[in-house]
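To start, the structure under review is shown below, and the notes come after it.
The values are calculated or read from the model by the stated rules, or taken from the named source; none is laboratory data. The model shown is predicted, which means the values in this text are computed figures rather than measured ones. Cβ placement follows ideal geometry from the backbone for every residue including glycine, while neighbour counts extend to all protein chains displayed. Keep in mind that these areas ignore ligands, DNA and RNA; they rest on the heavy atoms of the full protein, side chains included. Shrake-Rupley method; radii C 1.70, N 1.55, O 1.52, S 1.80 Å.
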Amino acid sequence: MPGARSEGSGRKPREQDAGASSATAPSVLARPEATAWLLEAILDRDNMMTAYHRVVANQGAPGSDGMTVDDLKGFLVENWPRIKEGLLAGRYRPEPVRRVDIPKPGGGSRTLGIPTVLDRLIQQAMHQVLGPLFDPGFSEATYGFRPGRSAHQAVLAARAHVAAGRRWLVDIDLEKFFDRVNHDVLMARLARKVGDKRVLRLVRRYLQAGLMADGVATARTEGTPQGGPLSPLLSNILLDDLDKELERRGHAFVRYADDCNIYVRSRRAGERVMASISRFLNEALRLAVNVAKSAVDRPWRRTFLGYAMTAHRAPRLRVAAASVARFKAKLRALWRQGRGRSLGRTIEDLAPILTGWIAYFRLAEAKGIFEELDGWIRRRLRCLLWRRWKRPRTRAQRLRQRGLEEQRAWQSANNGHGPWWNAGASHMHDAFRARFFRNLGLVSLLDQHRRLNYAA
């Protein structure tokens with residue numbers, strides 16, 4: 001740790017996204033009996049330094065104590081020996097997590113629990129040691145929060161199952177999964193490979209850490225709110241039993257976090273699977289299936305990780321309509337916040353959003369939506385210009401400056417229609433063609449999609 005001496009022993013792994021790399025796993029963990037000394041491996045100096053650098057790189061908001069990532073180094077220099085002693089002695093108790101409710105795209109809200117920076121550091125160090133212990137035994141069909149695995153791989157695996165003739169889908173949505181995890185059931189699964197009771201006690205304390213909202217902390221008896229480094233790994237440890245049950249039955253499935261899709265060859269088979277797996281989840285893991293959001297349906301009528309697919313025998317991936325709607329809503333919010341900015345600054349703010357979105361949806365084979373969105377974005381930018389000009393005299397002047405004849409400029413400026421209509425009219429298209437926006441740095445989704453797939 002920065003400025004602090006290590007008192008334990010062990011080695012380090014690292015984390016990719018929410019997973020940990022087994023390439024750097026502590027060699028001591030190769031022997032099952034050695035898991036009785038996991039806490040020493042977690043608190044090893046190298047492992048803690050790796051965790052520290054990752055927490056600092058991830059930044060993130062302060063927890064319930066208000067400490068920022070920038071404050072962490074100084075705090076550790078002064079306090080780490082005492083904190084480490086408390087951890088080894090079993091006296092350390094996590095602070096309540098700060099509750100943040102964020103709206104979900106389909107309605108409702110998702111509860112995030114933001115741990116303090118210190119607790120994020122300790123959880124990250126735990127993840128780096130526990131991840132390599134559990135990850136090698138996870139199913140090949142699960143992709144979320146694992147090193148070397150991605151949402152793209154999950155989407156491609158789903159398409160492969162449909163292409164192989166499994167043209168019915170059992171789409172299972174777990175009801176408020178992260179809020180409903182049963183602590184006893186989860187701890188029993190964790191204890192299968194963790195022999196160090198101090199680590200088990202610390203994990204349970206993190207599970208039971210209260211939720212702080214408006215200065216009031218409430219106790220928690222179930223759930224593992226999203227927001228801490230340890231939560232994704234714990235969810236995979238719990239749902240590994242579901243994966244193993246599906247493998248035992250010989251099902252073709254893909255799971256990403258709590259999204260699980262099972263692919264079968266008929267509706268009747270799908271209904272049987274839905275009933276039996278719902279019963280298994282309830283009885284074995286004490287988890288409930290959200291009946292309203294789960295279904296037995298054709299794959300092309302459902303979405304998975306933002307993607308949909310066509311009904312062809314060899315299905316093609318496309319961007320789901322709901323993903324397009326969320327994307328447009330995000331851009332509208334950006335434009336509302338950016339009123340008064342120059343057009344160049346607005347386009348500059350758009351660039352990271354557009355490049356990030358198309359990088360995620362680069363697997364889409366139905367490309368018409370990218371051309372459509374490019375046109376929609378340019379029209380929104382023309383609409384911003386028309387609103388900014390306000391007066392007919394100013395509008396006519398700007399149109400003449402862009403090469404329109406005087407009479408046409410005056411007629412267009414006084415046509416009586418609103419900004420959105422004018423943004424799509426020929427006079428604004430002729431005055432502000434696609435080349436104009438491209439020269440200002442506007443990212444073309446269609447061009448970027450072609451570039452990404454050509455490079456691949």
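Selection of region 119-163 for residues being open to solvent by less than 10 Å² (accessible area, probe 1.4 Å) and under 24 Å from R302 (Cβ atoms) yields S139, T142, G144, A154, V155, A158, V162. Does A321 satisfy the criteria of being within 19 Å of the chain's Cα centre (by Cα) and either open to solvent by 20 Å² or more (accessible area, probe 1.4 Å) or within 30 Å of L169 (Cβ to Cβ) (or both)? The answer is yes for A321.
This table checks each residue for (1) at pLDDT below 50; (2) in a helix (DSSP H, G or I).
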position	(1), (2)
V28	yes, yes
E40	no, yes
H53	no, yes
G63	no, no
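Among the residues making up region 282-316, those that are at negative phi and under 20 Å from the mean Cα position of the chain (by Cα) are K293, R302, T303, F304, Y307, A308. If you go through region 247-291 and keep only what is of a type in the set (K, R) and surrounded by 19 or more Cβ atoms within 10 Å (Cβ to Cβ), you end up with just R255.
Considering only residues in region 76-101 that are under 15 Å from V117 (Cα atoms), touching a residue at least 40 places away in the same chain (Cβ under 8 Å) and aliphatic (A, V, I, L, M), the one that is surrounded by the most Cβ atoms within 10 Å (Cβ to Cβ) turns out to be V97.
Restricting to helices (runs of 4 or more DSSP H) lying wholly in region 360-430: which have 2 or more residues that are open to solvent by less than 80 Å² (accessible area, probe 1.4 Å) and touching a residue at least 40 places away in the same chain (Cβ under 8 Å)?
In region 360-430, the matching helices (runs of 4 or more DSSP H) lie at 368-389, 419-423.
Of the strands (runs of 3 or more DSSP E) lying entirely inside region 91-181, those containing at least 3 residues that are at pLDDT 85 or above span 168-173.
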